[in-house]
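Here's the structure, in structure tokens; my notes come after.
The values are calculated or read from the model by the stated rules, or taken from the named source; none is laboratory data. Only a predicted model underlies this, so the values are computations on that prediction, with no experimental measurement involved. Quick reminder, even Gly has a Cβ in these numbers, built from the backbone with ideal geometry, and neighbours come from all protein chains shown. Surface areas here come from the heavy atoms of the whole protein model, side chains and all, with no ligands, DNA or RNA. Shrake-Rupley method; radii C 1.70, N 1.55, O 1.52, S 1.80 Å.
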Amino acid sequence: MAHLRFDGCDLVELAKEFGTPLYVLSEDRVRARIRELRETFLDRWPGTSAAYASKALQTLDLCRIVESEGLDLDVVSGGELYAALKAGFPPGRIHFHGNSKTPEEIRMAVESRVGRVIVDNRTELDALDREARSARVRMPILFRVTPGVDSHTHQYMSTGDLDSKFGIPLDPSVRDEYVGAALRMEGVDLRGFHFHVGSQIFSNESHRKAARIVADLAGDVRDRYGFETRELILGGGFAARYTSRDEPKPLAYYTDAMMGDLRDRFRELGVAMPRIGIEPGRWIVAEAGITLYTVGSVKEIPGVRTYVGVDGGMPDNIRPALYGAEYEAAIADRPDAPGTRTVTVAGKCCESGDILIRDIALPDPRPGDILAVFTTGAYTHSMASNYNRLPRPAMVLVRDGAARLSVRRETYEDLVARELPS
Ligand code: LLP
């Protein structure tokens, strides 16, 4: 029987060649998403920009792909910034985010002259101003604001509610203090505002509400300070398809609605339309990735359930345990065989919650089979851990039927390399 293929590559062969667990990322699919973004957003709406939110998945290869497709890059820590620079990403196209940036990270952002710092709080604003003045530069900034909308996603993925650790509340007393302070500072150049309502959001309602709120904010600060908002970033959060029950809408469903609303609202307010940006992460990479595991054991508890144990689990994909995220999978050795047995796919960690997929119909899984779990491109590799001292998986990049090792597998030696025993 023919094996399951992904972008022209035989997945059983990939597992043999590179071992499991294995992250497989399709370069073609990443590029196709970015092109769709270009056609349906950047080209349709002049004066717009887009950054890839690299927290979803960041490798040196992926930074280069994003760079070559012309997107900007959003980083959220010194580590992500370091890797982006190491990949040769132009600093002027990097946006530096984070709700608790350290003094070292702020210095790094200034020294490397990142294109934008998205400022989240007053301590950071003051520190950035000091660093920039001592380096004799003026850092372009946006304020991350909290629009106070509920995005109806998992509580851990919601970021735009009023009670959020992210962003500056829009209460006029707070807002005015920030805007007033920034406009007096020589080290920062306030360009506008940024919001992000949350992640894996199927409806465009919360995005639209937040966009209208932030347009009004632009009107308010124009009236109060004569300040012209030149840039607005509308965040990411656009949903990907994880299971056949998911019905994500195309990107344009979110962006056309927001752009239309913004154009109308800015016209009413008599404010010039600022440069509008988005920063999707998951939407670009989730469906471009799959993870391969080897089935180790099949354990039937009569009348209860059958556990299929695999050689990875929560260390390479924490999402089921952390968010109750659901995935679909197939046996790569027999993709066309009917799913005759309902099983639960269990990871190998000493943790009852280490379940990758509950109750999935598979074609009688057997030890040695290769299990392919779909839509694992986002927030798996980037959230991976070494729990139970499992080495982190390798990643291969596939393109036009060819596969190339992009990230090597961690070794046991790597696992103890930082330790300094007496
Ligand atoms: N911009 C900002 C400021 C963000 O905080 C995020 C995600 C994004 C953009 C990209 O969001 P996306 O387009 O990927 O939804 N670990 C969770 C998701 C956390 C998202 C955090 N922020 C998960 O695995 O579902």
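What is the residue count in segment 81-100 for residues that are within 13 Å of the ligand (Cβ to nearest atom) and open to solvent by less than 30 Å² (accessible area, probe 1.4 Å)?
Residues that pass the stated criteria total 4.
Mind counting the residues in segment 17-69 that are in contact with a Phe, Trp or Tyr (Cβ under 8 Å, 6 or more places away or on another chain), of a type in the set (Ser, Thr, Tyr) and either closer than 20 Å to THR255 by Cβ or open to solvent by 10 Å² or more (accessible area, probe 1.4 Å) (or both)?
Looking only at that region, the number is 2.
Of ARG418, ARG404, which residue is open to solvent by 50 Å² or more (accessible area, probe 1.4 Å) and assigned to a strand (DSSP E or B)? Even if it seems obvious, please write down each step before you answer.
Working: ARG418 fails: assigned to a strand (DSSP E or B).
Unique residue meeting the criteria: ARG404.
With respect to the numbered conditions (1) within 25 Å of the chain's Cα centre (by Cα); (2) closer than 20 Å to MET1 by Cα; (3) outside any strand (DSSP E or B), which one is the sole condition not fulfilled by PRO391?
Just one mismatch for PRO391, condition (2).
So in segment 182-206, with the set limited to residues that are open to solvent by 20 Å² or more (accessible area, probe 1.4 Å) and outside any loop (DSSP other than H, G, I, E, B), which one is farthest from the ligand (Cβ to nearest atom)?
ARG184
So if I check each of PRO365, PRO338, which one is surrounded by fewer than 16 Cβ atoms within 10 Å (Cβ to Cβ), in a loop (DSSP other than H, G, I, E, B) and out of contact with any Phe, Trp or Tyr (no Cβ under 8 Å at 6 or more places or on another chain)? Break it down stepwise before answering.
Working: PRO365 fails: surrounded by fewer than 16 Cβ atoms within 10 Å (Cβ to Cβ).
Sole residue among the options that is surrounded by fewer than 16 Cβ atoms within 10 Å (Cβ to Cβ), in a loop (DSSP other than H, G, I, E, B) and out of contact with any Phe, Trp or Tyr (no Cβ under 8 Å at 6 or more places or on another chain): PRO338.
Given the conditions (1) open to solvent by 10 Å² or more (accessible area, probe 1.4 Å); (2) aliphatic (A, V, I, L, M); (3) more than 13 Å from the ligand (Cβ to nearest atom), which single one is not true for VAL114?
The one condition VAL114 does not meet is (1).
If I filter segment 251-275 down to residues being outside any helix (DSSP H, G or I) and out of contact with any Asp or Glu (no Cβ under 8 Å at 6 or more places or on another chain), which single residue comes out as surrounded by the fewest Cβ atoms within 10 Å (Cβ to Cβ)? Break it down stepwise before answering.
Just the residues of segment 251-275 that are outside any helix (DSSP H, G or I), to begin with: 270-275.
Restricting the remaining residues to those that are out of contact with any Asp or Glu (no Cβ under 8 Å at 6 or more places or on another chain) gives 270, 273.
Details: GLY270: 8, MET273: 18.
The residue in question is GLY270.
Suppose we filter PRO365, PRO391, PRO315, PRO335 for residues that are more than 16 Å from the ligand (Cβ to nearest atom), within 26 Å of ASP246 (Cβ to Cβ) and out of contact with any strand residue (DSSP E or B) (no Cβ under 7 Å at 6 or more places or on another chain); which single one remains?
Exactly one residue qualifies, and that residue is PRO335.
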